[in-house]
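The values are calculated or read from the model by the stated rules, or taken from the named source; none is laboratory data. Remember, predicted model here, so these are calculated numbers, not experimental data. Note that each Cβ is placed from the backbone with ideal geometry, even for glycine, and that neighbours are counted across all protein chains shown.
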Amino acid sequence: MVTDDRSSKLCAHGFQFRNWPGAGEEAAARMGISHAVILPPNARTIIVAGQVGIRDDGTVSENLSEEVETAFEHVDKALKVAGLGDDAWEHIYKINTFEISAPGLMDIVLDKARVRLGSTKPAWVGVGVQSLFHPSLHIEISVEAYLPGENR
């Protein structure tokens, strides 16, 4: 049996968020994710390249939470420049994070994501990596999102 999470606003656009019952469903609820996402036909999508926590002045905060917040803000900016509004994160159906091991990083990332995602529970791949392109970075985030509206 498949469990279908209908809480996301994307469900109104034909998206389906699926988890298997038991341990799969429990893990999905705990992490705020979905194990599988089915896109509707002809869905317009936004692919956001890897975003990191480098500030406008080229520096990376020594505070891990601030670095992660900056990376999330960059994702926000990319989604908005592509045409989404203030609820941009609620249109995300897939997240990839590339993470350097750091105490508390996962909790910081999940907390910041939950605030933005609302009831949307995207498919999420988190990959532990040895390094990113800048030695002070701990995370890189890429996402895929749905862009409502007519095809152009």
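Summary table
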| item | result |
| --- | --- |
| Search result, residues across segment 115-133 that are loosely packed, with under 13 Cβ neighbours inside 10 Å and not β-branched (Val, Ile, Thr) | Gly128, Gln130, Ser131, Phe133 |
| Inter-residue pairs, beta-carbon under 8 Å, first under 16 Å from Phe98 (Cα atoms) and in segment 53-78, second surrounded by 13 or more Cβ atoms within 10 Å (Cβ to Cβ) and of a type in the set (Asp, Glu), 6+ apart | Gly53/Glu66; Gly53/Glu67; Gly53/Glu69; Ala71/Glu140 |
| Residues of segment 74-100 that turn out to be part of a helix (DSSP H, G or I) and farther than 19 Å from Phe133 by Cα, as a count | 10 |
| Residue pairs meeting the criteria (Cβ under 6 Å; at least 6 apart or on separate chains; first modelled with pLDDT under 90, in segment 3-14; second surrounded by fewer than 15 Cβ atoms within 10 Å (Cβ to Cβ)) | Thr3/Pro21; Ser7/Ser119; Ser8/Ser119 |
| Residue list for segment 36-60, restricted to those being touching a helix residue (DSSP H, G or I) at 6+ places or on another chain (Cβ under 7 Å), over 19 Å from Tyr93 (Cα atoms) and not in a strand (DSSP E or B) | Gly53, Arg55 |
| Test: residue in segment 17-26 that is touching a helix residue (DSSP H, G or I) at 6+ places or on another chain (Cβ under 7 Å), loosely packed, with under 13 Cβ neighbours inside 10 Å and closer than 23 Å to Ser119 by Cβ | no |
| Cβ-Cβ under 6 Å pairs, at least 6 apart or on other chains, segment 119-142 side within 17 Å of Glu69 (Cβ to Cβ), far side aromatic (Phe, Trp, Tyr) | Glu140/Phe98 |
| Members of segment 135-152 found to be surrounded by 14 or more Cβ atoms within 10 Å (Cβ to Cβ) and either closer than 18 Å to Ala49 by Cα or at pLDDT below 95 (or both), listed by number | Leu137, His138, Ile139, Glu140, Ile141, Ser142, Val143, Glu144, Ala145, Tyr146, Leu147, Pro148 |
| When residues of segment 37-60 are limited to those that are exposed (fewer than 14 other Cβ atoms within 10 Å of the Cβ) and among the aliphatic types (A, V, I, L, M), the one nearest to His134 (Cα to Cα) | Ala49 |
| Qualifying residue in segment 101-119 (condition: touching a helix residue (DSSP H, G or I) at 6+ places or on another chain (Cβ under 7 Å) and either assigned to a strand (DSSP E or B) or of a type in the set (Phe, Trp, Tyr) (or both)) | no |
| Any pair with Cβ under 6 angstrom, 6 or more apart, that starts in segment 80-101 at a residue that is more than 18 Å from Ser34 (Cβ to Cβ) and ends at one that is part of a strand (DSSP E or B) | Ala82/Ile46; Phe98/Val127; Phe98/Glu140; Glu99/Gly128; Glu99/Ile139 |
